[in-house]
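S.K.: After the structure tokens below, expect a handful of questions from me.
The values are calculated or read from the model by the stated rules, or taken from the named source; none is laboratory data. Please read all numbers here as calculations on a predicted model, not as lab measurements. Counting neighbours? That spans all protein chains shown, and the Cβs are built from the backbone with ideal geometry, glycine included. Just so you know, the surface numbers come from the protein's heavy atoms only, side chains and all, with ligands and any DNA or RNA stripped out. Shrake-Rupley method; radii C 1.70, N 1.55, O 1.52, S 1.80 Å.
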Amino acid sequence: MSAHESMEHAEHAEHASGSNKKIALLIAVIALFLAFSETLGKSAQTESISKNVEAANLWAFFQAKSIRRTTVQTAIEEMKVASAASPDEAVKAAAAKQIDAWQKTAARYRSEPETGEGSEQLAARAKHAEHDRDLAAARYHHFELASAAFQIGIVLASATIITGMVALAWGAGLLAVIGLVFTGIGVFAPHAVHLI
């Protein structure tokens, strides 16, 4: 090998080393973005599951309150029929007192703003939990797409080092930008883009 060829080979190796450092930096940055999107995605997934359980529990409590109210209302109707058939005024007065107490109980089962445990309040809380669940699920799906874009970008950037094809590095950069866009949508406007 001549001195000229040796010098060209050294220059080429130096140039390749500089390019590889840039690609390594690109990979590191994309990996950082991947870590953020994965963390946000896991958090959103956990929140979605938690809110789904909360909504299910609230709907079960709502159903229990509705059953109790229906049972009390049935007892009221039975007491009205029984007391109307009784000739004894003392029985009618006692029945009216009991009916009044049961009506208050039935009204409390329907609405109990002090505790938030009336069926109306439970339904509102359950719907709010469902809304939060749907929001977290939408975020999760966007973070998942972002993570996929970052992962594919890392693969393409890695392939650039092996093949020397700069177009793969540009593709990796484009996928990183796409990943950032989906991360941003997940954080700021999860319902802006509807995913299938």
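S.K.: With the structure loaded, tell me whether Ala101 is touching a residue at least 12 places away in the same chain (Cβ under 8 Å), surrounded by fewer than 14 Cβ atoms within 10 Å (Cβ to Cβ) and either assigned to a helix (DSSP H, G or I) or of a type in the set (D, E, K, R) (or both) or whether it fails that test.
M.R.: No: the conditions fail for Ala101.
S.K.: Something else about it: Assuming Ser111 fulfils every condition listed in (1) among the hydroxyl-bearing types (Ser, Thr, Tyr); (2) open to solvent by 30 Å² or more (accessible area, probe 1.4 Å); (3) within 30 Å of Leu34 (Cα to Cα) apart from one, which condition is it?
M.R.: Going through the list (1) among the hydroxyl-bearing types (Ser, Thr, Tyr); (2) open to solvent by 30 Å² or more (accessible area, probe 1.4 Å); (3) within 30 Å of Leu34 (Cα to Cα), Ser111 breaks only (3).
S.K.: Kindly indicate which of Ala149, Ala138, Ala157, Ala176 is under 22 Å from Ser50 (Cβ atoms), of a type in the set (Gly, Ala, Ser), touching a residue at least 12 places away in the same chain (Cβ under 8 Å) and open to solvent by less than 30 Å² (accessible area, probe 1.4 Å).
M.R.: Ala138
S.K.: Just one of the numbered conditions (1) assigned to a helix (DSSP H, G or I); (2) of a type in the set (Asp, Glu); (3) over 25 Å from the mean Cα position of the chain (by Cα) is not true of Glu112; which one?
M.R.: (1)
S.K.: For region 72-92, enumerate the residues that are assigned to a helix (DSSP H, G or I) and touching a helix residue (DSSP H, G or I) at 6+ places or on another chain (Cβ under 9 Å).
M.R.: Passing the criteria: Val72, Gln73, Ala75, Ile76, Met79, Lys80, Ala82, Ser83, Ala84, Val91, Lys92.
S.K.: Under 27 Å from Ala44 (Cα atoms) and either part of a helix (DSSP H, G or I) or without any contact (Cβ under 8 Å) to a residue 60 or more places away in the chain (or both), is that true of Glu130?
M.R.: yes
S.K.: Within region 48-85, which residues are of a type in the set (A, V, I, L, M) and either open to solvent by 50 Å² or more (accessible area, probe 1.4 Å) or modelled with pLDDT under 95 (or both)?
M.R.: Within region 48-85, Ile49, Val53, Ala56, Ala60, Ile67, Met79, Val81, Ala82, Ala84, Ala85 meet the criteria.
S.K.: While we're looking at this one, here's another question. Name the single residue, out of those in region 28-37 being farther than 16 Å from Pro190 by Cα and surrounded by 14 or more Cβ atoms within 10 Å (Cβ to Cβ), that is farthest from the chain's Cα centre (by Cα).
M.R.: Selected residue: Val29.
S.K.: Continuing with the same structure: Looking at region 161-196, which of its residues are over 19 Å from the mean Cα position of the chain (by Cα), of a type outside the set (Gly, Ala, Ser) and at pLDDT below 95?
M.R.: Listed by number, the residues that qualify are Ile161, Ile162, Thr163, Met165, Val166.
S.K.: In addition: Any idea which of Glu117, Glu130, Glu144 is touching a Gly at 6+ places or on another chain (Cβ under 7 Å) and not aliphatic (A, V, I, L, M)?
M.R.: Going through Glu117, Glu130, Glu144 in turn, just one is touching a Gly at 6+ places or on another chain (Cβ under 7 Å) and not aliphatic (A, V, I, L, M): Glu144.
S.K.: Which ones in region 123-135 are open to solvent by 30 Å² or more (accessible area, probe 1.4 Å) and among the aliphatic types (A, V, I, L, M)?
M.R.: Once the filter is applied, which keeps residues that are open to solvent by 30 Å² or more (accessible area, probe 1.4 Å) and among the aliphatic types (A, V, I, L, M), region 123-135 yields Ala124, Leu135.
S.K.: Shifting gears a bit: Under 6 Å between Cβ atoms, which residue pairs at least 6 apart in sequence (or on different chains) link something in region 25-42 that is at pLDDT 95 or above with a partner that is open to solvent by 70 Å² or more (accessible area, probe 1.4 Å)?
M.R.: Matching pairs, first to second residue: Gly41/Glu144.
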